[in-house]
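Data first, discussion second: the structure below is written as structure tokens.
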Amino acid sequence: MFDYELFCKKVKTIRKLKGYNRLQMSIQANIQYEYYCRIEKGKAIPNFKSVIYIANALHVNLSELLSNTKDYNEDISLLNITSNIKKIDNLYLANICYEILVLIKNKDVQ
């Protein structure tokens, strides 16, 4: 049986991990803001199309979002680790780009 409460909890937790507020999430998912808020609070049951839009906006597999796994905390921990790795990768790339720009600028000055 589908655990709707767990679904709502996953959506909210993953949204926060991704750094989206509710308005950003509703825009990303192409869902009206009020409707999205009601879904996340468990006050509206989304149709399948909305669930797909939410999964896509969160960049997670539909099966991850809909699973009734008891390893929910483990799933969220893995998402958190992945999110942090992406942030580190982006910071590393930004530092490399900065160093390249400094080298180019110094070369132009000489």
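The values are calculated or read from the model by the stated rules, or taken from the named source; none is laboratory data. This one's a predicted model, so the numbers in the text were calculated from it and none came from an experiment. Glycine also receives a Cβ, built like all others from the backbone with ideal geometry; neighbour counts cover every protein chain displayed.
Pairing residues of segment 28-48 that are in a loop (DSSP other than H, G, I, E, B) with residues that are at pLDDT below 95 and among the basic types (K, R), at Cβ distances under 9 Å and at least 6 apart in sequence or on separate chains, gives K41/K12; G42/K9.
Search segment 1-14 for residues being within 16 Å of K43 (Cβ to Cβ) and among the basic types (K, R), and hand back the single one that is modelled with the lowest pLDDT. My answer is K9.
The residues on offer are N106, N73, N80, and the sole one that is more than 30 Å from F7 (Cβ to Cβ), of a type in the set (S, T, N, Q) and either at pLDDT below 80 or assigned to a helix (DSSP H, G or I) (or both) is N106.
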